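Read through the structure below, which is laid out as structure tokens, and then see the notes.
The values are calculated or read from the model by the stated rules, or taken from the named source; none is laboratory data. Treat the numbers as computed from the prediction; the structure is a model and nothing was measured. Counting neighbours? That spans all protein chains shown, and the Cβs are built from the backbone with ideal geometry, glycine included.
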Amino acid sequence: MEAWLQHMVHLMLETLALPQVGLGAVFVIALVSATLLPMGSEPVVLLLVSAKPELFWPAILVATAGNTIGGAITWWMGYGAERAYEAAVHHSPRDQRVLGWLRRFGARTCLLSWLPIVGDPLCALAGWLRLPFWPCVLYMAIGKFARYVLMTSIGVSMLPAQWKAMLSMAG
């Protein structure tokens, strides 16, 4: 059983290590994970970079682009939801505080779009509040780029030796 599992991991890593497949997979997974679907793209970036260290910067840039476009899609989802929502709805005091905070800091709040759990809904709220689209996208890109550089660098440095050996065999 263990030999079969190692073979399957090796096969998966070999496939992900192909630049034409690996970077495309990173882009799609990063894009989808930036919508309201509960996914994380960091493990895919880490696996690709571990298998092919020379793809560190291309993987970071592709993941940032995919995640930022996903954040922009979420912004538009929020924009559309707000337009569909009745204007006369009363918000709780807590909701009013959160919305006030978002209005006060504006597009800069999208720097926090990299945060787990709250980051993607934050992009939707930015669209809901009709915060300016392009500044929001710029701040999303900055925050997401910093996250990918940090998380991938830490992940590569902490990867156990046996995984590094297996990944080097796949490459």
Do we have ALA30 as part of a helix (DSSP H, G or I), out of contact with any Phe, Trp or Tyr (no Cβ under 6 Å at 6 or more places or on another chain) and among the small types (Gly, Ala, Ser) here? yes
Checking the structure you have, find out if any residue of region 83-100 is at pLDDT below 90, among the acidic types (Asp, Glu) and over 23 Å from VAL28 (Cβ atoms). yes
How many residues of region 33-60 are under 23 Å from ALA124 (Cα atoms), among the hydrophobic types (A, V, I, L, M, F, W, C) and over 8 Å from the mean Cα position of the chain (by Cα)? The answer is 3
Residues of region 107-124 being among the hydrophobic types (A, V, I, L, M, F, W, C), surrounded by fewer than 21 Cβ atoms within 10 Å (Cβ to Cβ) and farther than 18 Å from MET39 by Cα, in sequence order, are ALA107, LEU111
Please work out if GLY40 is at pLDDT below 90 and crowded, with 20+ Cβ neighbours inside 10 Å. no
Here is a list: THR64, THR35, THR74, THR68. Which entry is β-branched (Val, Ile, Thr) and not in a helix (DSSP H, G or I)? THR35
For region 1-37, the count of residues that are surrounded by fewer than 18 Cβ atoms within 10 Å (Cβ to Cβ), at pLDDT 85 or above and in contact with an Asp or Glu (Cβ under 9 Å, 6 or more places away or on another chain) equals 0
